[in-house]
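Report on the structure given below.
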Amino acid sequence: MNEEQFFGIANHSLTVVAQDAAYIKPINTTYIMITPGQTMDVLFTANQNLNHYYMASTPYVDSGIRFPNTTTTAIVQYEGNYSASSSPFFPTLPSNTDIDSAQNFTNQIKSLASKEHPINVPKNISTRIYIAVSLNRLLCVNDSCDTGTGDRQAASLNNISFATPQIDILQAYYR
């Protein structure tokens, strides 16, 4: 919830074309770094041998806060007649503390601003917004959390804690 994520697809290149609903100069890469709440439009071409390929996401951690060091995976399955490898190919991602890889990715993000794509940025700023972000540790009853510390992380924004919605966003959209 509080950590950036590295993401990649084994043996595939990625092309990032937009970030948070705004087009950017395309970035060709083997991994992306995405932050909590951020969106990216990422393209990839299915141009590898017919097989199964892992897509994976691992945390990037630039703080001293304990976190679950886990990898989230899914499998890209090519269509066609073939016998898949017994173990799908796995992407090579930066280590979870690789600041150089994190900076390398973020330094490539450039606006598409040009005469053809003008950017109208306000120049007279008269309103300021203050945001309070808090990251806390909550004790788990009878050490019920599998974190090794007996507690779990909880975050709030402007003193409002996250509450899990009763319906997921896609279900809400299609009702």
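The values are calculated or read from the model by the stated rules, or taken from the named source; none is laboratory data. Everything quoted here is computed from the prediction, not taken from an experiment. Cβ: placed from backbone, ideal geometry, glycine included. Neighbour counts: every protein chain shown. Just the protein is used for accessible areas: all its heavy atoms, side chains included, with ligands, DNA and RNA removed. Shrake-Rupley method; radii C 1.70, N 1.55, O 1.52, S 1.80 Å.
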Cβ-Cβ distance below 7 Å, separation of 6 or more or different chains: which pairs start in the stretch 76-102 with a residue that is without any contact (Cβ under 8 Å) to a residue 40 or more places away in the chain and under 19 Å from S13 (Cα atoms) and end on one that is surrounded by 11 or more Cβ atoms within 10 Å (Cβ to Cβ) and of a type in the set (S, T, N, Q)?
Y78/N51
Restricting to the stretch 70-91, count the residues that are more than 22 Å from T39 (Cα to Cα) and part of a loop (DSSP other than H, G, I, E, B).
12
Kindly provide the set of residues from the stretch 110-166 that are part of a loop (DSSP other than H, G, I, E, B), in contact (Cβ under 8 Å) with a residue 24 or more places away in the chain, open to solvent by 80 Å² or more (accessible area, probe 1.4 Å) and under 24 Å from A22 (Cβ atoms), ordered by number.
K110, H117, I131
Has the stretch 56-63 got at least one residue that is farther than 23 Å from R152 by Cα and out of contact with any Cys (no Cβ under 8 Å at 6 or more places or on another chain)?
yes
Answer yes or no: is there a residue in the stretch 68-85 that is among the small types (G, A, S), modelled with pLDDT of 90 or more and either open to solvent by 60 Å² or more (accessible area, probe 1.4 Å) or touching a helix residue (DSSP H, G or I) at 6+ places or on another chain (Cβ under 7 Å) (or both).
yes
